[in-house]
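Student: Provided herewith is a single structure, encoded as structure tokens, for subsequent inquiry.
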Amino acid sequence: MADGVRIDKYIWAIRCFKTRSEATDACNGNKVKLNGAPVKPSKEVKIGDTIDVRKGLALYTYKVLQLSQNRMGAAMVPEYAQNLTPQSELDKLHAPRETFFVKRDRGTGRPTKKERREMDALWDELDL
């Protein structure tokens, strides 16, 4: 095997993303960091590197144990990547969602343009 593997292939292979194009888009969108620095999809990953992946509200952290370009079963992932994600990040996934929704009285109609922009800004801020 080569000295390194493209980061988009690697994070797809260890099942961070369902498709390789999703992994590439995440790299292009600055949602993936290698050893603390944002990366492009073609950046090479080496054994011992640390990868941070932002998915929704949580920031997942992985340590590279072995290299692979091929997608593997979920049972094999711990042999290739060690999950270092702190519990506090995983707890963000189970945060109560009712605070994120705007309550409207029944029959008040559609949101105004200003209200719609405020709702869109909230969703963009949450990055969902």
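Student: Testing Tyr10 on (1) farther than 29 Å from Leu122 by Cα; (2) surrounded by fewer than 20 Cβ atoms within 10 Å (Cβ to Cβ), one condition comes back false. Which one is that?
Tutor: (2)
Student: Is it fair to say Tyr60 is within 15 Å of the chain's Cα centre (by Cα) and under 23 Å from Asp124 (Cα atoms)?
Tutor: On the way: within 15 Å of the chain's Cα centre (by Cα): yes; under 23 Å from Asp124 (Cα atoms): yes.
Considered against the rule, which asks whether it is within 15 Å of the chain's Cα centre (by Cα) and under 23 Å from Asp124 (Cα atoms), Tyr60 comes out as yes.
Student: Related question: Kindly provide the set of residues from segment 58-94 that are in contact with a strand residue (DSSP E or B) (Cβ under 6 Å, 6 or more places away or on another chain) and in a helix (DSSP H, G or I), ordered by number.
Tutor: Within segment 58-94, Glu89, Lys92, Leu93 qualify.
Student: Going through segment 17-57 one residue at a time, which ones are in a strand (DSSP E or B), in contact with a helix residue (DSSP H, G or I) (Cβ under 8 Å, 6 or more places away or on another chain) and surrounded by 18 or more Cβ atoms within 10 Å (Cβ to Cβ)?
Tutor: Passing the criteria: Val32, Leu34, Val45, Ile51, Val53.
The rows are residues; the columns are (1) closer than 26 Å to Tyr10 by Cβ; (2) at pLDDT below 80.
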position	(1), (2)
Leu59	yes, no
Ser68	yes, no
Met72	yes, no
Tyr80	yes, no
Pro86	yes, no
Pro96	no, yes
Val102	no, yes
Asp120	no, no
Asp124	no, no
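The values are calculated or read from the model by the stated rules, or taken from the named source; none is laboratory data. Worth saying up front: this structure is predicted, and the values here are computed from it rather than measured. All Cβ positions, even for glycine, are placed from backbone atoms using ideal geometry, and neighbour counts span all protein chains on display.
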